[in-house]
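The values are calculated or read from the model by the stated rules, or taken from the named source; none is laboratory data. Just so it is clear, the model here is predicted, and its values are computed rather than measured. Here the Cβ is made from the backbone with ideal geometry for all residues, glycine too, and neighbour counts use every protein chain on show.
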Amino acid sequence: MNRDLFWKAMLKFFSGVLLVGALLFFPAGSFAYWQAWLLIAILFVPMFAAGLVMMVKNPELLRKRLNAKEEQTEQKQVIAFSALMFLAAFILAGLNFRFRWLMLPRWAVWTAAALFLLAYLLYAEVLRENAYLSRTVEVQENQKVIDTGLYGIVRHPMYAATVLLFLSMPLVLGSPLSFAVMLFYLPLIVKRIRNEEAVLEQGLEGYADYMKRVKYRLLPGIW
């Protein structure tokens, strides 16, 4: 096992747990915000398990997933706006709990949690199918076009799973107001996908033909 990779992964993981907890519980003014505990559990427990699996079976993929430094200006802008969106949505969810502005019923929270876990399963399947997945937009050495499984249905199944993950998060937190904020992710992901496709079409052999075979990017029959 690569110790440097292990400790880097652990540092990022626990930093993420602390950051999300702080963004939710401080504005909420209470640790009784049970929806926040639920989100933390369904977000980080599967993430920890997936990280262990990648550490053992595919450490190179884990290394790629930990690298979030974008080189392209357009993608840096997407990342920056996404970070601001998450900050606003999480803080607003905590305030929504504290002041009870508009809270979703318990059944809606648990339904959203089920959708979140479904999205996680889709995400895991994408990771299994595509060993070239990186958190940055790039063409990697010896990269090949993946056109089987979910990639035979839409060009960007990872982003499709991510959209479902992100839009279900504020509902798990019981906050329709935060859901409205997270809707800004849709134009951001459209911008990222169009830029990524331009990069791949230019630099990845066979990707232009793949785009002709698989017409839809995120949702079959829609876009």
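What tally of residues in region 145-169 results from selecting those that are in a loop (DSSP other than H, G, I, E, B), of a type outside the set (A, V, I, L, M, F, W, C) and surrounded by fewer than 19 Cβ atoms within 10 Å (Cβ to Cβ)? Show your work before the answer.
Here is the first cut: in region 145-169, the ones in a loop (DSSP other than H, G, I, E, B) are 145-148, 153-156.
If we keep only those that are of a type outside the set (A, V, I, L, M, F, W, C) as well, we get 147-148, 155-156.
Remaining after also requiring surrounded by fewer than 19 Cβ atoms within 10 Å (Cβ to Cβ): 147-148.
Total meeting the criteria: 2.
Out of the residues in region 100-110 meeting the condition of being in contact (Cβ under 8 Å) with a residue 60 or more places away in the chain and part of a helix (DSSP H, G or I), tell me which one is surrounded by the most Cβ atoms within 10 Å (Cβ to Cβ). Working first, answer last.
We begin by selecting, within region 100-110, every residue in contact (Cβ under 8 Å) with a residue 60 or more places away in the chain; these are 101-104, 108-109.
If we keep only those that are part of a helix (DSSP H, G or I) as well, we get 108-109.
Numbers: A108: 14, V109: 19.
Looking at the filtered set, the residue picked out is V109.
Report, by residue number, each residue of region 182-223 that is more than 19 Å from A161 (Cα to Cα), assigned to a helix (DSSP H, G or I) and among the charged types (D, E, K, R).
Of everything in region 182-223, those that are more than 19 Å from A161 (Cα to Cα), assigned to a helix (DSSP H, G or I) and among the charged types (D, E, K, R) turn out to be E201, D209, K212, R213.
How about region 69-99: which of its residues are modelled with pLDDT of 95 or more, of a type outside the set (A, V, I, L, M, F, W, C) and surrounded by fewer than 17 Cβ atoms within 10 Å (Cβ to Cβ)?
Matches in region 69-99: R98 only.
Could you list, in sequence order, all residues of region 28-41 that are surrounded by fewer than 19 Cβ atoms within 10 Å (Cβ to Cβ) and under 17 Å from S175 (Cα atoms)?
If the condition is that a residue be surrounded by fewer than 19 Cβ atoms within 10 Å (Cβ to Cβ) and under 17 Å from S175 (Cα atoms), then G29, S30, F31, A32, W34, W37, L38, I40 are the ones that fit.
Looking at region 172-200 only, could you name the residues that are of a type in the set (S, T, N, Q) and touching an Asp or Glu at 6+ places or on another chain (Cβ under 8 Å)?
Residues of region 172-200 of a type in the set (S, T, N, Q): 175, 178, 195.
N195 - this is the single residue of region 172-200 that is of a type in the set (S, T, N, Q) and touching an Asp or Glu at 6+ places or on another chain (Cβ under 8 Å).
Would you tally the residues in region 153-179 being under 16 Å from A108 (Cα atoms) and either more than 11 Å from the chain's Cα centre (by Cα) or small (G, A, S) (or both)?
Selection size over region 153-179: 11.
Among the residues of region 175-188 satisfying the criterion of being in contact (Cβ under 8 Å) with a residue 40 or more places away in the chain and out of contact with any Pro (no Cβ under 6 Å at 6 or more places or on another chain), which is surrounded by the most Cβ atoms within 10 Å (Cβ to Cβ)?
S175
Just the residues that are in contact (Cβ under 8 Å) with a residue 40 or more places away in the chain and farther than 10 Å from F97 by Cα, please, taken from region 24-42.
If we filter region 24-42 for residues that are in contact (Cβ under 8 Å) with a residue 40 or more places away in the chain, which is where we start, we get 24-30, 33, 35-36, 38-39, 42.
Within region 24-42, F26, L38, L39, I42 qualify.
For region 117-139, does any single residue satisfy the condition of being buried (at least 18 other Cβ atoms within 10 Å of the Cβ), under 12 Å from the mean Cα position of the chain (by Cα), at pLDDT 95 or above and closer than 17 Å to F86 by Cβ?
No, because not a single residue in region 117-139 is buried (at least 18 other Cβ atoms within 10 Å of the Cβ), under 12 Å from the mean Cα position of the chain (by Cα), at pLDDT 95 or above and closer than 17 Å to F86 by Cβ.
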